[in-house]
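Okay, so here's the structure we're looking at.
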Ligand SMILES: [Zn+2]
C-alpha cells in the first residue's frame, strides 16, 4: 500500500503508457483509502475475472458510462424487465492505463475509481461464491455516473450507490456533497449493494416487486416494509464482514451518516417499528446489522454468514403470495442455524436488542 499526497502528479512519475508494453498487466492499482484533504493510498490487486481492461468488462460486472436512467420508464416488474426501456445510451468505457511494471494504473482519478469499483464488485462476487452463492446468468451492468431523468424526489442524483431490481443493475452516482472516499472505492458499500442483488434473488425469490404489487392488506404492507428494512441490515452486515470494518460507511459518508450505522453498538428495536412506523429503513436495519455482528462475534463470521444465507433461502420458501413477517424472524432463524453450544450466548445477545419483538425467539431461546 502506497501513501500519496499529490494524486495526479504521482501517477505520471516512472510510468509508461500501457499501449507501449507488449505483455498484458497482471495487476491493477486501486484506491484503498482517501482522506478529505485529497491524500489517498493505493494497493495493487489481481482482477482474475476482468476480460477486457479497456471496456472494464468481466465475469463480475459490466461497466457502462454515459447512460441515462429514465425513471418514468421504470415499471415494477421483476427480473430487470425495465432495463431495456429505462436505460438509454449505455456507453462502453474507454479506459486508459499507464504501466508501472506489471501493474496497470488508470490515467485519471475517475478511471482509478472505476477500476477500484470493478475490483470491489469482483471481490463481492467472490465473497458470496465462497459462501456457496453463485448467481447464474449474465453479469449485472454497473452504470457509472448515470444521468437520471424523471421525478426529482424518487431517486438520488448524486452521492449514492444503488441496486435497482426493476433493472437488475447497479448505479454509482457521482460524489458531489460527500468529498471523502467515493462509494465506488469503498468495498463495504459495494458489497452492501451486491448483497441487495443476492438477497433479491435468494431471499425474495426474485419476486419482491410482484409481491409489492399484489399486496392489498395493511398487514402485508407492513411485512413488506419490515422485510425491506431487515434487508438493509443484512446488506450492512455482509458489507462489514467483507470489508472487515464495522464502520465501513464512515470513510465515505462521515460520522454524521456513518455512526448511526456502526455495527458495534448494541441497538434496540423500538415498539413503533413493529407496525412499520420508521423514519427510515436503516432504523431497523442498524439493529439487525449490529445484532448479526454480535452473533458473528460468538459463532464466527463464516458460520454466521452461512446461517444467515440459509435463513434467507428459507424466507423465500415461506413468502407465499402475500408476505407476513415479524421483526426478529430472520435473526431467530439465523440462531437456529448456528451451533447449539452457542445458543445461550446468541439468545442473550438477541435479548439485548429484541425485547420489543421477542415472539420469534420464543421456543428457541430459554
Ligand atoms: Zn441498501
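Taken together, the values in this text are just the output of simple stated rules run on the coordinates, not laboratory data. What you see is a predicted model; the values in this text were computed from it and never measured. Positions of Cβ are generated from backbone atoms using ideal geometry, with glycine treated the same way; all protein chains shown enter the neighbour counts.
For the pair residue 352 and residue 92, the difference between a 0.36 nm per residue extended length and the Cα-Cα distance amounts to 88.6 nm.
Using C-alpha pairs below 8 Å separated by at least 6 residues, the relative contact order for segment 186-361 is 28 percent.
Taking the C-alpha atoms only, the angle from helix 187-202 to the longest principal axis of the chain is near 50 degrees. Taking a point 7 Å from the Cα of residue 59 along the Cα-to-Cβ direction, the residues of segment 107-141 with backbone N closer than 19 Å to it are 118-141. Within the chain, what percent of beta bridges assigned by DSSP are antiparallel, to the nearest 5? Antiparallel: roughly 65 percent of the beta bridges in the chain. Spacing of the modelled spin labels on residue 131 and residue 33, each 7 Å from Cα toward Cβ, amounts to 2.6 nm.
Can you show me the helix-derived [θ] at 222 nm for the chain, built from DSSP H runs with n ≥ 4 at -39,500 (n - 2.57) apiece and divided by the number of residues, rounded to the nearest 500.
Numbers: 11 runs with 143 residues, N = 366.
Calculated at 222 nm, the ellipticity per residue is -12500 deg cm²/dmol.
Label segment 264-366 by shape, choosing from rounded, prolate and oblate, from the square roots a ≥ b ≥ c of the eigenvalues of the Cα gyration tensor; if a/c is under 1.5 it is rounded, and otherwise prolate applies when a/b is larger than b/c, oblate when it is not. Oblate, because a/c is 1.5 or more while a/b does not exceed b/c. Need the C-alpha centroid separation for segment 316-366 versus segment 284-300, integer Å. Segment 316-366 and segment 284-300 have Cα centres separated by 12 Å. Relative to one another, the C-alpha centroids of segment 177-239 and segment 37-63 are positioned 25 Å apart. What FRET efficiency comes out for residue 75 versus residue 270 if R0 is 41 angstrom and r is the Cβ-Cβ distance? Round to the nearest 0.05. E between residue 75 and residue 270, to the nearest 0.05, is 0.75. Each 5 Å bin from zero holds the following percent of Cα-Cα pairs in segment 186-361: 1, 9, 18, 23, 21, 16, 8, 2, 0. Compared with the dominant principal axis of the Cα atoms in the chain, helix 281-299 is inclined by about 90°. What shape does segment 307-366 have by the C-alpha gyration tensor, where a ≥ b ≥ c are the square roots of the eigenvalues, rounded means a/c under 1.5, and otherwise prolate means a/b greater than b/c and oblate the rest? Taking the square roots of the gyration eigenvalues as a ≥ b ≥ c, segment 307-366 is oblate.
To the nearest ten degrees, helix 109-130 and the longest principal axis of the Cα atoms of the chain are 40 degrees apart. Work out the FRET efficiency for residue 256 and residue 51 from their Cβ-Cβ distance, taking R0 = 35 Å, and round it to the nearest 0.05. Efficiency, rounded to the nearest 0.05: 0.30.
Please label the shape of segment 142-277 as rounded, prolate or oblate, based on the square roots a ≥ b ≥ c of the eigenvalues of the alpha-carbon gyration tensor (a/c under 1.5 means rounded; beyond that, a/b larger than b/c means prolate, else oblate). Oblate, since a/c reaches 1.5 and b/c is not below a/b. Computed from the Kirkwood radius of its Cα pairs, the Stokes-Einstein diffusion coefficient for the chain at 20 °C and 1.002 mPa s stands at 100 µm²/s.
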